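What follows is a single structure, written as structure tokens, with notes after it.
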Amino acid sequence: MNIIRPFDPWRSKLCTCPTKYSFCPYTGCSHRCVYCYATAYIPNFYNIRVKKQLESRLVRDVRKLPVNALISIANSSDPYPPEEMTLRLTRKALSILANAPVRVLIITKGTTIVRDIDILKRMRVAVAFSISTIDERLAKKLEPGAPTPEERFKAIKQLADEGIPTILRIDPIFWKLTDGEIDEILTIAKSANVVHIVASTFKPRPDGWNRIKNVLPGWAKTVEHYYLKGETYQRTYYLPSAIRYELMRRVYDKAISLGFTFATCREGFTELHTGGSCDGSHLIPTVHPTSLFAKMG
Ligand code: SF4
């Protein structure tokens with residue numbers, strides 16, 4: 001089975017991603033975010049497993065990709081879970097990809113990524129960190145296995161200071177819970193030298209909604225009516241579009257005032273998008289054909 005696969009964004013009509021491939025060194029994720037949507041389609045998700053024969057399969061698959069192919073690492077299982085510190089699967093994968101004529105977008109909450117700055121500096125890469133809240137107590141409830149928001153911002157700044165383009169995903173935003181933090185999150189992102197902002201509202205599937213109800217029963221009761229009366233795409237609950245638009249517009253206004261480029265994720269409001277891509281991949285340099293010839297010669 002291929003280890004690099006075409007990115008399949010749930011075939012959602014709201015997805016605005018460019019054509020890309022998806023690669024996950026791990027199956028499952030021990031960050032254990034209660035809102036994670038991957039639990040809906042990967043069994044036993046919070047128990048992490050390693051991909052077997054990762055290196056040989058990656059070498060085989062990457063050879064089949066077109067020059068400048070965009071590989072997203074990873075869309076369903078974070079490439080920097082705590083286990084990566086000892087297992088080093090992602091580091092091995094990056095060492096292979098650094099020598100291939102491809103572009104890589106890393107999406108993570110894992111601060112172990114700073115260990116790999118030496119490889120990242122040799123790659124065509126951008127790094128997106130996800131933050132849902134800067135309230136440390138709330139983060140502990142929502143993302144119990146992930147590094148704290150403060151640790152994540154510190155890692156973002158380290159990467160940016162090394163010249164690696166960085167993206168902040170404010171994802172997910174919980175209406176009437178975390179949307180009051182938007183301005184402060186963006187201000188911190190500015191001081192961490194983030195370039196591009198991606199924002200997305202919380203869109204639960206039924207299993208994620210049940211977990212949230214357990215962890216935040218009071219908040220869930222307040223907003224449940226809006227989710228259940230909102231819109232549903234591919235068994236995913238969305239807030240009504242007027243509420244989502246108002247939230248995205250608030251992030252957009254502040255982001256633009258601070259000089260970021262901005263996009264939404266699976267919201268459908270492309271009129272709010274600035275910059276060359278929604279996911280931040282426009283920040284990744286492309287391979288110039290002449291550099292390939294030079295290598296071959
Ligand atoms: S870090 Fe990402 S993949 Fe891991 S549990 Fe959280 S949302 Fe899911």
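Taken over the stretch 33-54, the criterion of being surrounded by 15 or more Cβ atoms within 10 Å (Cβ to Cβ) and not in a loop (DSSP other than H, G, I, E, B) is satisfied by A38, T39, A40, L54. Being in contact (Cβ under 8 Å) with a residue 12 or more places away in the chain and out of contact with any strand residue (DSSP E or B) (no Cβ under 8 Å at 6 or more places or on another chain) holds for only one residue in R205, R244, R235, and it is R235. From the list A128, A146, the one residue that fits, being within 16 Å of the ligand (Cβ to nearest atom), assigned to a loop (DSSP other than H, G, I, E, B), within 21 Å of F174 (Cβ to Cβ) and of a type in the set (A, V, I, L, M), is A146. With respect to the conditions (1) more than 22 Å from T39 (Cβ to Cβ); (2) touching a residue at least 24 places away in the same chain (Cβ under 8 Å), R249 lacks only one, and its number is (2). Remark: pairs (first residue in the stretch 46-65, closer than 12 Å to E83 by Cβ; second residue part of a helix (DSSP H, G or I) and of a type in the set (A, V, I, L, M); Cβ separation under 8 Å; 6+ apart in sequence or on different chains) = V50/L87; V50/L89.
Of all the listed residues (L65, L87), the sole one being more than 24 Å from R266 (Cβ to Cβ), within 16 Å of the ligand (Cβ to nearest atom) and surrounded by fewer than 18 Cβ atoms within 10 Å (Cβ to Cβ) is L87. The residue that is farthest from the ligand (Cβ to nearest atom), among those in the stretch 101-117 that are touching a residue at least 40 places away in the same chain (Cβ under 8 Å) and part of a helix (DSSP H, G or I), is I117.
Go through the stretch 264-280 and report how many residues are touching a residue at least 60 places away in the same chain (Cβ under 8 Å) and either touching a His at 6+ places or on another chain (Cβ under 6 Å) or farther than 28 Å from I243 by Cβ (or both). Residues that pass the stated criteria total 2.
For (1) within 13 Å of S130 (Cα to Cα); (2) of a type in the set (V, I, T); (3) crowded, with 17+ Cβ neighbours inside 10 Å; (4) in contact (Cβ under 8 Å) with a residue 24 or more places away in the chain, each residue gets a yes or a no:
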position: F153; (1), (2), (3), (4): yes, no, yes, yes
position: I164; (1), (2), (3), (4): no, yes, yes, yes
position: I170; (1), (2), (3), (4): yes, yes, yes, yes
position: F174; (1), (2), (3), (4): no, no, yes, yes
position: E184; (1), (2), (3), (4): no, no, no, yes
position: A192; (1), (2), (3), (4): no, no, yes, yes
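Find the residue count for the stretch 112-145, including only residues that are polar (S, T, N, Q) and buried (at least 23 other Cβ atoms within 10 Å of the Cβ). Count: 1.
Screening the stretch 3-32 for residues that are within 15 Å of I107 (Cβ to Cβ) and within 13 Å of the ligand (Cβ to nearest atom) and picking the one that is surrounded by the most Cβ atoms within 10 Å (Cβ to Cβ) gives C29. Of all residues in the stretch 207-249, those that are within 26 Å of L272 (Cβ to Cβ), of a type in the set (K, R) and either modelled with pLDDT of 95 or more or surrounded by 19 or more Cβ atoms within 10 Å (Cβ to Cβ) (or both) total 2. Filtering S12, S30, S77 for residues that are in contact (Cβ under 8 Å) with a residue 60 or more places away in the chain, touching a strand residue (DSSP E or B) at 6+ places or on another chain (Cβ under 9 Å) and assigned to a loop (DSSP other than H, G, I, E, B) leaves a single hit, S12.
The values are calculated or read from the model by the stated rules, or taken from the named source; none is laboratory data. Just so it is clear, the model here is predicted, and its values are computed rather than measured. Cβ atoms come from the backbone with ideal geometry, glycine included; neighbour counts cover every protein chain shown.
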